[in-house]
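Participant: Next up is a structure, given as structure tokens.
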Amino acid sequence: MGFTMARILVTGGAGFIGSNFVYHLLREEPDASVVVLDKLTYAGNLENLQPLRDDPRLQFVRGDIADPDTVRDVIRGCDIVYNFAAESHVDRSIQDAHDVVWTNVRGTQVLLDAVRELAIPRYVQVSTDEVYGSRASGAFTESDALQPSNPYSACKAAGDLLVLAYVRTWKLPALVTRSSNNYGPYQHPEKLIPLHITNAMETKPLPIYGDGSNVRDWLHVEDNCRAIHLVGRQGVEGEIYNIAGHSERSNLWIVERIVELTRCDPRLKRFVQDRPGHDFRYAILDEKVRALGYQPRWSLEEGLKQTVSWYRAHEGWWQRIKGGEFADYYRGQYEGRDAEHSEPGGTE
Ligand code: NAD
Ligand code: DAU
């Protein structure tokens with residue numbers, strides 16, 4: 001039912017959510033062909049798609065979404081574009097905002113222009129709950145104002161606003177999804193959950209920003225992929241769809257659960273200097289996507305167990321990442337980052 005998808009472009013399909021989405025699509029749309037356009041930045045990894053290398057339905061193109069010629073070439077003839085490509089890490093965007101502006105803003109504009117020029121029937125912008133900013137209680141709906149706090153979320157917000165401006169100006173057939181924090185297989189070990197699982201497995205310190213009381217709403221990546229697919233198939237053009245995890249936890253809770261699941265020494269926990277501008281809590285309501293028929297399948301408890309098992313079974317995958325460019329990043333980000341707090345009570 002819903003929108004026809006014979007040829008699907010997935011940008012950022014060699015990253016965490018994008019690669020999970022490619023697996024999802026090839027299962028759920030067996031007659032479709034999928035083109036992945038990915039620049040293979042530090043976060044892109046062809047190993048994520050390795051099990052699909054002999055699948056004739058999948059084509060991989062290495063290229064930049066901010067390059068108009070490349071984009072025009074790959075987008076031609078597609079029924080739908082799902083834009084996952086982004087610089088996705090808040091800490092890196094704080095270190096240097098150049099790449100988030102390039103990809104999350106300029107890249108989005110180039111894609112939108114190509115969709116318009118070549119009359120592509122449908123475009124889905126994959127965005128984030130971070131664009132709403134932080135709130136101490138309650139939850140944001142899709143019509144709430146945007147108040148991003150860091151360069152990453154500011155550039156995601158700019159991308160969303162460009163999409164909505166093209167809808168308004170050109171009647172571009174575009175939709176936006178905004179999900180909460182994802183976790184699951186293939187997530188780069190720079191992010192909280194995989195960093196802590198893999199550090200625990202290596203008996204390395206578990207860095208907790210501030211006092212660990214910041215709250216995130218955790219969504220299993222497979223649930224997010226099902227919801228994003230559904231929005232592409234059945235969502236209303238010009239609309240925004242929040243996708244919540246319904247699993248709010250403090251960072252300290254998450255770290256302590258990882259300590260239990262990996263059976264590492266709890267003394268590995270380290271409170272370190274907080275992230276500048278650290279949003280205290282994200283929370284969204286997702287009635288609109290539920291009205292399309294979406295229901296999450298993963299509980300946080302089962303999802304965390306599955307994720308720990310996945311990282312246990314894929315040690316080569318994350319060891320190769322941690323041994324490369326990441327080692328320098330990690331030293332720069334964490335070395336000499338002394339503790340600021342030791343008890344709950346972060347800032348909004
Ligand atoms: P990721 O960093 O794991 O993957 C990003 C992918 O995009 C990589 O494969 C990278 O090589 C590619 N890429 C980067 N710049 C590119 C460019 N200029 N051209 C082509 N490809 C490029 O990110 P992720 O966590 O999988 O996030 C995917 C999308 O979902 C992003 O748009 C992000 O903002 C959004 N999102 C992520 C989360 C989360 O918790 N991870 C939550 C909500 C929304
Ligand atoms: O909310 C959706 C967003 O979630 C996505 O849009 C982003 O792409 C994604 O990276 C994620 O952003 P966060 O900043 O919330 O994710 P991160 O994994 O970096 O951090 C999660 C929380 O854990 C956050 O409060 C900071 C904290 N943290 C993170 C790291 C890496 C730590 O305490 N220690 C750490 O070492």
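Participant: How large is the dipole of the stretch 289-338 about the Cα centre if only Lys and Arg carry +1 and Asp and Glu carry -1, each at its Cβ, rounded to the nearest 20 debye? Walk me through the numbers on the way to the answer.
Facilitator: Numbers: 8 positive and 7 negative charges, 49 e Å.
Dipole size: approximately 240 debye.
Participant: If you don't mind, there's one more thing I want to ask. Please compute the contact order of the stretch 136-265 in relative form: average sequence separation of alpha-carbon pairs under 8 Å and at least six residues apart, divided by the residue count, as a percent. Before the final figure, lay out the partial values.
Facilitator: On the way: 145 pairs, mean separation 42.8, N = 130.
The value is 33 percent.
Participant: Amide H neighbours of residue 60 under 5 Å, at least 5 residues apart or on other chains, H built in the peptide plane: list them.
Facilitator: Residues meeting the criterion, in which the H sits 1.01 Å from N, are 36.
Participant: Sticking with this one: Could you check the spin-label model distance between residue 27 and residue 97? Points 7 Å from the Cα along Cα→Cβ, value in nm.
Facilitator: According to this spin-label approximation, the distance is 4.0 nm.
Participant: Along the charge dipole of the stretch 117-240, which of 183, 209, 154 sits closest to the positive end, that is, farthest toward it, with unit charges on the beta carbon of Lys, Arg, Asp and Glu (+1, +1, -1, -1)?
Facilitator: The Cα lying farthest towards the positive end belongs to 154.
Participant: Then there's this: State to the nearest 20 debye the size of the charge dipole of the stretch 124-186 about its Cα centre, where the only charges are +1 on K and R beta carbons and -1 on D and E beta carbons.
Facilitator: Values: 5 positive and 5 negative charges, 33 e Å.
So the magnitude is around 160 debye.
Participant: Could you sort 257, 290 by their accessible area in this structure, using a 1.4 Å probe and putting the largest first? If you can, show how the numbers build up before the last one.
Facilitator: Details: 257 40, 290 70 Å².
In descending accessible area the options line up as 290, 257.
Participant: Could you order peptides 108-116, 199-207, 54-62 by the average number of other Cβ atoms within 10 Å of their residues, highest first? Spell out each step's value before the answer.
Facilitator: Numbers: 108-116: 22.7, 199-207: 18.1, 54-62: 13.0.
Top to bottom by mean Cβ count within 10 Å: 108-116, 199-207, 54-62.
Participant: Would you tally the net charge around residue 242, using a Cβ to Cβ cut-off of less than 9 Å, leaving residue 242 out, and scoring K and R as +1, D and E as -1? The partial results should precede the final answer.
Facilitator: Details: positive: 178, 288; negative: 129, 142, 286, 287.
So the environment of residue 242 carries a net charge of -2.
Participant: Ok, one more. Return the sequence-ordered ³J(HN,Hα) values of the stretch 240-251 in whole Hz as given by the Karplus equation 6.51 cos²θ - 1.76 cosθ + 1.60 applied to θ = phi - 60°, using x for Gly and Pro.
Facilitator: Values per residue, Gly and Pro as x: 10, 10, 6, 10, 9, x, 6, 9, 6, 9, 6, 4 Hz.
Participant: How high is the relative contact order of the stretch 3-94, in percent, counting Cα pairs under 8 Å that sit 6 or more residues apart? Display every interim value, and only then the final one.
Facilitator: Working: 147 pairs, mean separation 35.9, N = 92.
So the answer I get is 39 percent.
Participant: In percent, how large is the relative contact order of the chain, given Cα pairs closer than 8 Å and 6 or more residues apart?
Facilitator: Details: 680 pairs, mean separation 63.1, N = 348.
It rounds to 18 percent for the chain.
Participant: How far is it, in nm, from the label point at residue 253 to the one at residue 143 when both lie 7 Å from their Cα along the line to the Cβ?
Facilitator: Distance between label points: 3.0 nm.
Participant: Next up: Per-residue counts of other Cβ atoms within 10 Å, averaged by peptide: what ranking do you get for 291-301, 119-129, highest first? Each step should come with its number before you reach the end.
Facilitator: Values: 291-301: 14.5, 119-129: 22.1.
Ranked by mean Cβ neighbours within 10 Å, highest first: 119-129, 291-301.
Participant: Provide the percentage of antiparallel DSSP beta bridges, counting only those with both residues in the chain; round to the nearest 5. Don't jump to the answer; show the numbers that get you there.
Facilitator: Numbers: 3 of 39 bridges.
Here the antiparallel bridges make up roughly 10 percent for the chain.
Participant: Okay, moving on. Taking θ as phi - 60°, what are the ³J(HN,Hα) couplings along the stretch 165-181 by the Karplus curve (6.51, -1.76, 1.60), each to the nearest whole Hz, with x for Gly and Pro?
Facilitator: Once θ is set to phi - 60°, the couplings for the stretch 165-181 become 5, 5, 4, 5, 7, 10, 6, 4, x, 10, 9, 10, 10, 10, 10, 7, 4 Hz.
Participant: Moving on. Given the peptides 228-234, 271-277, 41-47, arrange them by the average over their residues of other C-beta atoms within 10 Å, most packed first.
Facilitator: Numbers: 228-234: 21.4, 271-277: 16.0, 41-47: 18.1.
Top to bottom by mean Cβ count within 10 Å: 228-234, 41-47, 271-277.
Participant: Okay, moving on. What percentages make up the Cα-Cα pair-distance distribution of the chain when the bins are 10 Å wide from 0?
Facilitator: Here the calculated profile for the chain is 5, 26, 37, 24, 8, 1.
Participant: Over 20 Å between Cα atoms, which of 204/269; 191/288; 191/305 qualify?
Facilitator: Numbers: 204/269 9 Å; 191/288 28 Å; 191/305 17 Å.
With Cα atoms farther than 20 Å apart: 191/288.
Participant: Run the dipole for the stretch 111-158 about the Cα centre, Lys and Arg Cβ at +1, Asp and Glu Cβ at -1, nothing else charged, and hand back the magnitude in debye, nearest 20. Each step should come with its number before you reach the end.
Facilitator: On the way: 4 positive and 6 negative charges, 6 e Å.
Dipole of the stretch 111-158, to the nearest 20 debye: 20 debye.
The values are calculated or read from the model by the stated rules, or taken from the named source; none is laboratory data. As the structure is a prediction and not an experimental result, all values here were calculated from the model. Note that each Cβ is placed from the backbone with ideal geometry, even for glycine, and that neighbours are counted across all protein chains shown. Ligands, DNA and RNA are excluded from the accessible area calculation, which covers all protein heavy atoms including side chains. Shrake-Rupley method; radii C 1.70, N 1.55, O 1.52, S 1.80 Å.
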